[in-house]
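The values are calculated or read from the model by the stated rules, or taken from the named source; none is laboratory data. Note that the structure is predicted; figures quoted are calculated from it, not measured. Reconstructed Cβ throughout: ideal geometry from the backbone, glycine too, with neighbour counts over all protein chains shown. When the accessible area is computed, the model is the full protein with side chains, heavy atoms only, and any ligands, DNA or RNA have been set aside. Shrake-Rupley method; radii C 1.70, N 1.55, O 1.52, S 1.80 Å.
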Amino acid sequence: SAGLSLVIISISKVLLVIAVLPALLLGKRPVVEGMPLQKMWAPLLATVVVFAFATSLLWTVAPMDQALGSLGKYGKLLVIPALLVLIRTKQEAGYALACFLGAQVFLLISSWLLYFHVPVVWATSNMALGNYAVFSSYLDQGIMSAVVAGILWHLKALAPNKTLFFAAMTIALLALATVFVVFIGRTGQAVVLAMVSLAVFWALPRRWRIAAILVPPLLFLVAVFTIDKV
């Protein structure tokens, strides 16, 4: 039987498709704040990638069940244009971010509780006790934690007060610590290094950009020689 979290995610994807199809078919999308959807690169690239994988079904030598499974995995990229079609205002984007970040903070706290051997009754992953992943794997959760750290770090400047500003920074640092201390997944660590490197690159003045390019390998060396799990 499938886990409850997987069922909820699968049903949510179906509902997302059902919601976005009328919006696309009717073509009467209200004026949005910011860049129009037609000028964004992300939806176009996501659609092209999924179309390329779908076309490859014509000549693949893999068993069809495996081929369709791989197509389904990459088909998740269509969530990007779907969300951009449905989210039309900053307020709606704020609600979506609040739901996503709230769920991710719940995961972070749950993983730290597992790390300190506190019983977590809702942890259903078979990696909960050994690798401290709550619902899926340390690979999935490590990547999600890295992305959360990046989102909160870049959104902290939009916090309306100092309390939310420091809360965003604290959760971002907690997410970084989760990737490097709690989980053993190297992919999540690579994503964190990329996020930190980009944050440093954008924060520095233009005349220091060359120095910023040297930061990623230096961060990598520091992590390798100071953190055993890296």
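Here are the numbers for the structure shown:
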{"read-out": "Residue count, region 148-162 (criterion: free of Cβ contacts under 8 Å to residues at least 12 places away in the same chain and within 17 Å of residue 189 (Cα to Cα))", "value": "0"}
{"read-out": "Single condition residue 88 does not satisfy, out of (1) surrounded by 12 or more Cβ atoms within 10 Å (Cβ to Cβ); (2) modelled with pLDDT of 85 or more; (3) not aliphatic (A, V, I, L, M)", "value": "(2)"}
{"read-out": "When residues of region 189-204 are limited to those that are β-branched (Val, Ile, Thr) and within 16 Å of the chain's Cα centre (by Cα), the one surrounded by the most Cβ atoms within 10 Å (Cβ to Cβ)", "value": "192"}
{"read-out": "Residue 177 vs. criteria over 26 Å from residue 5 (Cα atoms) and open to solvent by 10 Å² or more (accessible area, probe 1.4 Å)", "value": "no"}
{"read-out": "Filter pass, residue 181 being over 15 Å from the mean Cα position of the chain (by Cα) and outside any helix (DSSP H, G or I)", "value": "no"}
{"read-out": "Qualifying residue in region 98-105 (condition: more than 10 Å from residue 183 (Cα to Cα), open to solvent by 60 Å² or more (accessible area, probe 1.4 Å) and not in a helix (DSSP H, G or I))", "value": "no"}
{"read-out": "Residue count, region 49-89 (criterion: over 17 Å from residue 13 (Cβ atoms) and part of a loop (DSSP other than H, G, I, E, B))", "value": "7"}
{"read-out": "Filter pass, residue 164 being exposed (fewer than 14 other Cβ atoms within 10 Å of the Cβ) and of a type in the set (A, V, I, L, M)", "value": "yes"}
{"read-out": "Filter result for the condition that a residue is farther than 30 Å from residue 174 by Cβ and over 16 Å from the mean Cα position of the chain (by Cα), over 113, 58", "value": "58"}
{"read-out": "Positions within region 131-153 being farther than 19 Å from residue 98 by Cα and surrounded by 21 or more Cβ atoms within 10 Å (Cβ to Cβ), in sequence order", "value": "132, 133, 134, 138, 142"}
{"read-out": "Condition check for residue 186: basic (Lys, Arg), exposed (fewer than 14 other Cβ atoms within 10 Å of the Cβ) and within 21 Å of residue 147 (Cα to Cα)", "value": "yes"}
{"read-out": "Tally, over region 118-141, of residues that are assigned to a helix (DSSP H, G or I) and either over 17 Å from residue 104 (Cβ atoms) or not charged (D, E, K, R) (or both)", "value": "7"}
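Rundown of residues vs (1) open to solvent by 90 Å² or more (accessible area, probe 1.4 Å); (2) hydrophobic (A, V, I, L, M, F, W, C); (3) free of Cβ contacts under 8 Å to residues at least 60 places away in the same chain, yes/no style:
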{"site": "60", "(1), (2), (3)": "no, no, yes"}
{"site": "67", "(1), (2), (3)": "no, yes, yes"}
{"site": "70", "(1), (2), (3)": "no, no, yes"}
{"site": "82", "(1), (2), (3)": "no, yes, no"}
{"site": "112", "(1), (2), (3)": "no, yes, no"}
